[in-house]
Amino acid sequence: MPAVFLKDRSHLSISGAEAQSFLQNLITTDIISLEADEARPGALLTPQGKILFDFMIWLEGDGYTIETDTDQRDGLLKRLTMYKLRAAVTLAPRTEEGVTVSWGEGAEGVQDGQGVRDCRFVKAGVTLIRQPGKHGDGEEALYDALRISHGIVTSGSDFALQDAFPHDVLMDINGGLSFRKGCYVGQEVVSRMQHRGTARRRVVTVSAATALPESGTEITAAGKPVGTLGSVEGDHGLAIVRIDRAGAAMASATPLLAGETPVSLVLPAWSGLTFPTSADEASA
């Protein structure tokens, strides 16, 4: 059972009589339906519907814990405080630094009432437990390889904040984006994308016969941009691509290249998504 410590993660505590309604009316996640041992992805959006901060969120006693990149924590706390106004909510950083992720045989036993199941991995058929603090010393590359194999992205490595919509990173499918709970910041834009079916950028796994080029390398078809490589581990990686353009290239047998390296693109099986199969579908 791998147990990997991710040192660049930090936590916030959100508690108080109005903590639930405060968060429910602000972030993308439907926290009312959260189960006791479940961590869901979530985001605070810009009014234009793009991801300003991303995180995992779970129940903690009578309140909630948010886990986010350490670089985001203070900014997220400041933004939440700005929205707080007179609400009966207490916002505070937690003392634990980092988070330990464990998966595979025996992962359920790691919890002991302190760990939570990562909803994103559950959807991909993997039991992965997140637990604040250091409880293992496995190599971080093991976790990155797991993420890549299941099409699970992370901000910074795979997409830039304020540059991606929730649909781009599969939050409409992985439990991080609600279309039923009512208004929250950016909700009108993402709901319009959902109902009109206009989401064209999606996460894919990328593979090659040789080592992939470095993260940030452009993926092209016939010289035209399709997407950009994100996390890379050897000959496998992640990218967010225009699936209409990628689908059209595949339908016409046009090679897809990451730099000069021929690559194959696959949508995560758990997503249920497919590439458009013709130029007509791609332009629909």
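On full extension of the chain, what length is gained from Arg86 through Arg192, given 0.36 nm per residue of separation minus the C-alpha to C-alpha distance?
35.1 nm is the gain from fully extending Arg86 to Arg192.
What is the packing order of peptides 254-261, 64-71, taking the mean over residues of other C-beta atoms within 10 Å and listing the highest first?
Going from most to least packed, we get 64-71, 254-261.
To the nearest Å, what is the center-to-center distance of the range 206-268 and the range 29-64, using C-alpha atoms only?
Result: 31 Å between the Cα centres.
Counting just the Cα atoms, what span does the range 1-73 cover along each of its three principal axes? Round to the nearest Å and put the largest first.
Cα spread of the range 1-73 along its principal axes, largest to smallest: 37, 30, 19 Å.
Pairwise over distinct Cα atoms, reciprocal of the mean inverse distance: report the Kirkwood radius of the chain in Å, one decimal place.
Final number for the Kirkwood radius of the chain is 19.6 Å.
With no solvent and one point per C-alpha, what does the Debye sum give as log10 I(q)/I(0) for the range 129-284 at q = 0.19 Å⁻¹?
-1.22
Quick one: dipole size for the range 7-150, taken about the Cα centre, charges +1 on Lys/Arg Cβ and -1 on Asp/Glu Cβ, in debye to the nearest 20.
Here the size comes out at about 660 debye.
So how far apart, in nm, are the two label points at Ala160 and Asp8 if each is 7 Å from Cα heading toward Cβ?
So the two model labels end up 1.6 nm from each other.
Could you work out how far apart the two model spin labels at Arg94 and Gln48 are, taking each label as a point 7 Å from the Cα in the direction of the beta carbon, and quote it in nm?
3.3 nm
Mind checking the dipole of the range 159-236: about its Cα centre, +1 per Lys or Arg Cβ, -1 per Asp or Glu Cβ, Debye to the nearest 20?
That gives a dipole near 540 debye.
If each residue of separation counts as 0.36 nm, what is the full-extension length gain between Arg180 and Asp235 once their alpha-carbon separation is subtracted?
15.8 nm
How large a share of the accessible area of the range 1-69, in percent, is made up of carbon and sulfur atoms when the probe is 1.4 Å and the other protein chains stay in place?
C and S fraction of accessible area: 47 percent.
Which percentage, to the nearest 5, of the DSSP beta bridges contained in the chain is antiparallel?
Among the beta bridges of the chain, antiparallel pairing accounts for roughly 95 percent.
Please give the helix 140-150 orientation as an angle from the longest Cα principal axis of the chain, in degrees from 0 to 90, rounded to the nearest 10.
With both axes taken from Cα atoms, the answer is about 60 degrees.
With a probe of 1.4 Å, find how much accessible area the range 192-284 has per residue, and write the answer as a whole number in Å².
Ligands and nucleic acids excluded, the figure is 51 Å² per residue.
Provide Rg over Rh for the range 187-226; use the alpha carbon set for both Rg and the Kirkwood Rh (inverse mean inverse pair distance).
Rounded to two decimals, Rg over Rh is 1.14.
Go through Pro262, Gly272, Gly186 and say which Cα lies farthest out towards the positive end of the charge dipole of the chain; charges sit on Cβ, +1 for Lys and Arg, -1 for Asp and Glu.
In the chain, that residue is Gly186.
Hey, any idea what % of the range 74-178's accessible area is carbon plus sulfur with a 1.4 Å probe?
48 percent
With each run of n ≥ 4 DSSP H residues scored as -39500 (n - 2.57), what mean residue ellipticity at 222 nm is computed for the chain after dividing by its residue count and rounding to the nearest 500 deg cm²/dmol?
Only helices count here, giving -6000 deg cm²/dmol.
Taking the Cα centre of the chain as origin, work out the dipole magnitude from +1 charges on Lys and Arg Cβ and -1 charges on Asp and Glu Cβ, in debye rounded to 20.
With only Lys, Arg, Asp and Glu charged at Cβ, the dipole is about 1080 debye.
What residue among Gly197, Gly133, Gly115 shows peak mean-square fluctuation when the chain is described by a Gaussian network model with Cα springs under 10 Å?
Maximum among the listed residues: Gly197.
Please report, largest first and rounded to whole Å, the three semi-axes of the ellipsoid equivalent to the range 10-161, where each semi-axis is the square root of five times an eigenvalue of the C-alpha gyration tensor.
After diagonalising the Cα gyration tensor, the semi-axes are 25, 18, 14 Å.
The values are calculated or read from the model by the stated rules, or taken from the named source; none is laboratory data. No experiment lies behind these values; they were computed from the predicted model shown. Counting neighbours? That spans all protein chains shown, and the Cβs are built from the backbone with ideal geometry, glycine included. Keep in mind that these areas ignore ligands, DNA and RNA; they rest on the heavy atoms of the full protein, side chains included. Shrake-Rupley method; radii C 1.70, N 1.55, O 1.52, S 1.80 Å.
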